[in-house]
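The structure appears right after this line, and notes come after that.
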Amino acid sequence: MFVGHFAVALASKRVAPTVSLGTLFLAAEFLDVLWPWFLLLGLESVRITPGITAVTPFDFVSYPYSHSLLAALGWSVLFGLGSRLIRRRSRDGFLVGLVVLSHWVLDWLTHRPDLQLVPGSEVRFGLGLWYSLPATLTVELLLFLAGIVMYARGTTARDRMGWYGLWSPIGFLLMSYFAAVFAPPPPSVTALAWGGQSIWLLVAWGFWLDRHRSTNR
C-alpha cells in the first residue's frame, strides 16, 4: 500500500490537531523509511519479480527488522516515546505511535503472505489484496479520498499557499502511485532503495503545509 498510508496520516490530523502533518507523514511511512536503508546495508532483501502480484513486482524475501509485527511494535513505541519527549504531550506520542503501527496493518491487508510476526519465524502473513488490481485500486483510492476529506474538513487554509499547497502533494502522491503501479519496475534493488528516499520530500511538504493551514479546533 502507498497512498493508503498517507490517508491514515491525513485523517489523523483530525484527531491530533497539534501534531504536524509532516510528523504524521513520517510516522505513517516510517517502516518504509527504514526499509531502503536496511536494503542498502544488506540487512534485508527483496527481489524484483514481474508478475508475482498484479500490482507490484516486488518479492519481499526478508524484511524482519522493518516489517515484522514485533519490529513494527518496537518502532511505534520508539517513535511515540520520541514524540512524547520532544512535545511533552503523552496523547500525541500515543497517537503517532499508532500511526506507525497502522503501516503494518495496511501492509497485512495488501501484501501476499510475506510478513512475519517475529524475526526468524517461518510463518508468513498477508491477505493478498495485491493479487487483484481492481480491488487494490478501489480500496486504496477510497482510503485516500477519505483521508483527504477528513484533513480538508479539519483544517482551513490561512492563505493561498494553504489551498494550493494542499492539492499539490495530493497530485504528486497520485502521480507517484499510478507510476508505481503501471510503469516498468526499477532496474535494480539499489535503484529501488534510493528511489525510496523521495518519501522525505513529502515529509518536508507536510511540515511546510502546516504553516499555511490552521486546524478547526
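Efficiency by 1/(1 + (r/R0)^6): what FRET value for residue 91 and residue 62, r their Cβ-Cβ distance, R0 = 35 Å, to the nearest 0.05? Don't skip to the answer; put the middle values down first.
On the way: r = 36 Å, r/R0 = 1.02.
Efficiency for this residue pair is about 0.45.
With the contact rule set at Cα under 8 Å and sequence spacing of 6 or more, what percent relative contact order holds for region 3-215? Walk me through the numbers on the way to the answer.
On the way: 340 pairs, mean separation 65.4, N = 213.
Relative contact order, region 3-215: 31 percent.
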Give the Rg (one decimal place) followed by the Dmax (whole number) of region 3-215, computed from C-alpha coordinates and expressed in Å. 17.0, 53
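At 0.36 nm per residue, and after removing the present C-alpha to C-alpha distance, how many nm does the segment from residue 215 to residue 40 gain when stretched out fully? It would help to have the intermediate numbers written out before the result.
Working: separation 175, 0.36 × 175 = 63.00 nm, distance 3.89 nm.
So the chain would gain 59.1 nm between residue 215 and residue 40.
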One finds the C-alpha centres of region 33-57 and region 175-217 to be spaced, in Å, by 17
Tell me the mean residue ellipticity at 222 nm calculated for the chain from its helices only (DSSP H runs of n ≥ 4, each -39500 (n - 2.57), averaged over every residue, nearest 500). -21000 deg cm²/dmol
Can you tell me the FRET efficiency between residue 123 and residue 190 if r is taken as the Cβ-Cβ distance and R0 is 25 Å, rounded to the nearest 0.05? 0.25
How are the C-alpha pair distances of region 1-103 spread across 10 Å bins, as whole percents from the shortest bin up? 16, 42, 30, 11, 1
Could you check the simple spin-label distance between residue 175 and residue 146, using points 7 Å along Cα→Cβ, in nm with one decimal? 2.8
Along the dipole axis of the chain (charges at Cβ: +1 for Lys and Arg, -1 for Asp and Glu; origin at the Cα centre), the most positive-end residue among 216, 25, 144 is 216
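All of the numbers you see were taken from the coordinates with simple rules; none came from a lab. Note that the structure is a prediction, hence the values are computed from the model and not measured. FYI the Cβ positions are ideal-geometry reconstructions off the backbone, even for glycines, and counts take in every protein chain you see.
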